[in-house]
Amino acid sequence: MHIFEGFLPSPWWQLWFVFSIPIIFFGIYRLNKLVSEKRELLPLLAVAGAFIFVLSSLKMPSVTGSSSHPTGTGMAAILFGPAIAAVLSTIVLLYQAIFLAHGGLTTLGANVASMGIIGPVAAYIIYKVGMKANINFYVVVFLAATFADWITYVVTSLELALAFPAEVGGVAASLKAFMLVFATTQVPLAIMEGALTALIFKYVIQVKSDALLQLNVISESVLDKIKGASQ
Amino acid sequence: MKGEAIFAVIAILFVASFFYGMAANPDSEFGGADGQAEDVIAEITDGQYEEWTADSWVNSVKFEPPGGETESLLFALQAAIGAIVLGYFFGYYKGKQQSE
């Protein structure tokens, strides 16, 4: 999902910055509030950030004969909300842009928009709707993280298609071409990421379930049900 | 579901998609999808598009890995830092929980 340096022409790279920057600042505000009010949750925040760090460094081979990487943003989005997930993603994307020549500074706005904002927002919505519908917690986590990953790549395709409409067929034809590269490759990886995120939530519930209550991620009755089922 | 079962599913899925990918694309080197997007851009624009940042100052604030080896070192470092943090805090929480 990294759009390389210079590969978004004006006005697109500026527009994505305009979209992303306010949300990053809102995320920083949320982050400050969280850190000052619930200091004991700092380790969990570090864990969510580290999860993004690890997953986004793994370039995995996929069925299409190309490699791509998961995003790891589903966990942060579910635990802390999309705005904080955006801040954590920005840190990772900055690291990759500055030290790895991966992604870029001019395309940072677009990359944050896809990986840090729209993907996590999708995860957050799926999680909230799924929990309201009383679906099994782990299934909901799986779905939320899977779609956070996949939608990130769909958005990347869209960002590129908008900037590079095909001469014949316009944006729609370009979108199809970029989707073929990104969205297809990503399907198995997204499913793996969903399963891995469900697994990590299992451990969070085992060792630190009170944090989930504190963050209003889960209600007490649901938690009791999960714990009862695993014993 | 047991954690081990979930882990097994992930491992099987990984191996299956990798081997299918290798069988379906025997000549592929499994290059990054990010790079392939560049080819699509070249195709759409008839090779006319060139990154406009080639001479830009933004390149001077970045560290360009001299080659694939250094790049994979930095990627490994990224994964290692993340894994240390994950392991440290899960261990911390688990130890704390057991001592209670």
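The values are calculated or read from the model by the stated rules, or taken from the named source; none is laboratory data. Predicted model only: the values in this text are computed from it and were never measured. Here the Cβ positions follow ideal geometry from the backbone for every residue, glycine too, while neighbour counts run over all protein chains shown. Quick note on the areas: whole protein, heavy atoms, side chains included, nothing else; ligands and nucleic acids left out. Shrake-Rupley method; radii C 1.70, N 1.55, O 1.52, S 1.80 Å.
What's the magnitude of the charge dipole for segment A:134-231 around its Cα centre, counting Lys and Arg as +1 and Asp and Glu as -1 at the beta-carbon? Answer in Debye, nearest 20.
Roughly 240 debye, rounded to the nearest 20.
Taking the protein heavy atoms of chain A in the context of the full set of protein chains, the accessible area attributed to carbon and sulfur is 71 percent at 1.4 Å. Full extension of the segment from residue B:94 to residue B:59, taken as 0.36 nm per residue of separation minus the current Cα-Cα distance, would add 8.2 nm.
Rounded to whole numbers, the Karplus 3J(HN,Hα) couplings from phi for segment A:175-187 are 4, 4, 5, 6, 4, 4, 6, 8, 5, 5, 4, 7, 4 Hz, using 6.51 cos²θ - 1.76 cosθ + 1.60 with θ = phi - 60°, and x at Gly and Pro.
Put a plus charge on the Cβ of each Lys and Arg, a minus charge on the Cβ of each Asp and Glu, and nothing anywhere else: the dipole of segment A:12-219 about its Cα centre is then about 360 debye.
Mean residue ellipticity, 222 nm, helices only, chain A: the sum of -39500 (n - 2.57) across DSSP H runs of n ≥ 4, divided by residue count and rounded to 500, is -24500 deg cm²/dmol. Each Lys or Arg adds one and each Asp or Glu takes one away; over the other residues whose Cβ falls under 14 Å from the Cβ of residue A:107, this sums to -4.
Per residue, segment A:156-231 exposes 43 Å² of solvent-accessible protein surface, assessed with a 1.4 angstrom probe and all protein chains in place. Residue A:210 contributes about 80 Å² of solvent-accessible surface, heavy atoms of the protein only, 1.4 Å probe. Of A:38/A:225; A:38/B:94; A:59/B:96; A:33/B:94; A:38/A:128; A:202/B:62, which ones are farther than 29 Å apart at the Cα? Where the Cα-Cα span goes over 29 Å, the pairs concerned are A:59/B:96; A:202/B:62. In segment A:101-231, a dipole from Cβ-located charges (positive for Lys and Arg, negative for Asp and Glu) runs towards its positive end, and of A:216, A:125, A:164 it is A:216 whose Cα lies farthest in that direction.
Mind checking the dipole of segment B:1-55: about its Cα centre, +1 per Lys or Arg Cβ, -1 per Asp or Glu Cβ, Debye to the nearest 20?
Roughly 700 debye for segment B:1-55.
Computed with a 1.4 Å probe on the full set of protein chains, the accessible area for residue A:67 sits at about 10 Å². Against chain A, whose longest principal axis is taken from its Cα atoms, helix A:82-99 shows a tilt of about 50°.
Each Cα pair under 8 Å and six or more residues apart adds its sequence gap; the mean of these over the residue count of segment A:1-148 is a relative contact order of 31 percent.
Taking Lys and Arg as +1 and Asp and Glu as -1, the other residues whose beta-carbon sits under 14 Å from that of residue A:189 total -2. Spin-label model, residue B:83/residue A:32: points 7 Å from Cα along the beta carbon direction are separated by 3.7 nm. Here the accessible area is traced with a 1.4 Å probe on the protein chains. For segment B:1-55, carbon and sulfur cover 58 percent of it. Taking a point 7 Å out from the Cα of residue A:25 in the direction of its Cβ, the residues of segment A:87-116 whose backbone N falls within less than 16 Å of it are A:87, A:109. Residues of segment A:49-65 that lose at least 10 Å² of accessible area (1.4 Å probe, protein heavy atoms only) when the other protein chains are present, relative to their chain alone, are A:50, A:51, A:53, A:54, A:57, A:59, A:60, A:61, A:62, A:63, A:64, A:65.
Toward the positive end of the charge dipole of chain B, with +1 on the Cβ of Lys and Arg and -1 on the Cβ of Asp and Glu, the farthest Cα among B:68, B:97, B:19 is that of B:97. Association of chains B and A removes close to 5300 square angstrom of accessible area from solvent, both sides included, for a probe radius of 1.4 Å.
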